[in-house]
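Contents: one structure, followed by commentary.
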Amino acid sequence: MFNPENVPGWPAELVDGPVLLRPYRRSDAAAWSEVRRANREWLAPWESSVPGGWHELNSPAAFRWVHRDQRRSARAGEGLPFAVCLREGGRERLVGHLNVGNIVRRAFCSGYVGYWVDSRVAGRGVMPTALALAVDHAFDVAGLHRVEVNIRPENRPSRRVVEKLGFREEAYHVRYMHIDGAWRDHIGYAMTSEEAAAEGGLLARWRRIRTTAG
Ligand SMILES: CC(C)(COP(=O)(O)OP(=O)(O)OC[C@H]1O[C@@H](n2cnc3c(N)ncnc32)[C@H](O)[C@@H]1OP(=O)(O)O)[C@@H](O)C(=O)NCCC(=O)NCCS
């Protein structure tokens, strides 16, 4: 049973090769702002519409509010908000974000995953690795039974991420979310802990795929 005094699976650091998922720190403000501001064209078509300018909403000062909100939801057991980092050449670089959010416990034990990576590291398998790590953690440690990812039909790269990890396409949500200035349809993908266990975990599945492809 979920006990808010002792949030299962949080805080956590998850690692596979150079990919590291860890809780955000207050000192991430400058790096977060740089990567968000540098990726406006890359991210805006896929993110919820929020009133305000991109530059201001993604300033180091704005990070303080984002960070506070994420910490609150993680401590309440309602989110697993990870900074996605790459460790290369002895340096750790913040290159993206992954959150298992809107977690509802009790008889549901389910959450929604959102993510993005810096366009400068796209196509290197960073997000499938991050998603596999996060979903395995959500099922094995954080007590979830199901995760969902909702993706615009036009977003081929994101659909490829969930398809490679074996998520099940299970719904078509009409005019589902306000993204980039309009109500957009989304395809619903889901995964249960039983489905992940049948693969030996998602990271194991992803490693098999990478080995075969390489
Ligand atoms: C979706 C996203 C997170 C994928 O992350 P990633 O780490 O690049 O994932 P992968 O390396 O597995 O690449 C996924 C697909 O992107 C495409 N891709 C590859 N290199 C690419 C590049 N340089 N630029 C754009 N897309 C590329 C390919 O279709 C690839 O699929 P494939 O493995 O079948 O070739 C990333 O594209 C992104 O952040 N996009 C903008 C934000 C977004 O869409 N978030 C998700 C909202 S649901």
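Can you compute 3J(HN,Hα) from phi for each residue in the stretch 9-17, using the Karplus curve 6.51 cos²θ - 1.76 cosθ + 1.60 with θ = phi - 60°, rounded to whole Hz and x for Gly and Pro?
Ordered by residue, 3J(HN,Hα) equals x, 9, x, 8, 10, 10, 9, 9, x Hz.
Out of residues 5 or more away from A142 or on other chains, whose amide H comes under 5 Å of its own, with H placed 1.01 Å from N in the peptide plane?
none
For A61 paired with E195, estimate the spin-label separation in nm (one decimal), with each label point 7 Å from Cα along the Cα-to-Cβ line.
The two pseudo-label positions are separated by 4.4 nm.
Nearest 20 debye, what's the magnitude of the dipole of the stretch 14-213 about its Cα centre given +1 on Lys and Arg Cβ and -1 on Asp and Glu Cβ?
So the magnitude is around 460 debye.
Return the Rg/Rh ratio of the stretch 14-213 with Cα-based radii and a Kirkwood Rh. Mind dumping the intermediate values first?
Values: Rg = 16.3 Å, Rh = 17.4 Å.
With Rh from the inverse mean 1/r over Cα pairs, Rg/Rh is 0.94.
Quick one: compute the contact order of the chain, relative version, from alpha carbon pairs under 8 angstrom and 6+ residues apart, as a percent.
19 percent
Taking H as built 1.01 Å from N, whose amide H comes closer than 5 Å to the amide H of D185, not counting residues under 5 places away?
Sorted by chain and number, the residues that satisfy this are R175, Y176.
Along its principal axes, what span do the Cα atoms of the stretch 78-197 show, with the longest given first and each in whole Å?
Principal extents (Cα only, largest first): 43, 36, 24 Å.
Arranged from highest to lowest average of other beta-carbon atoms within 10 Å per residue, in what order do the peptides 201-213, 110-122, 137-149 appear?
Packing order, densest peptide first, comes out as 137-149, 110-122, 201-213.
We did not get these values from a lab; they are worked out from the coordinates using the rules stated. Remember, it's a predicted structure, so these values are computed and weren't measured experimentally. Every residue, glycine among them, receives a Cβ derived from its backbone with ideal geometry; neighbour counts consider all protein chains shown.
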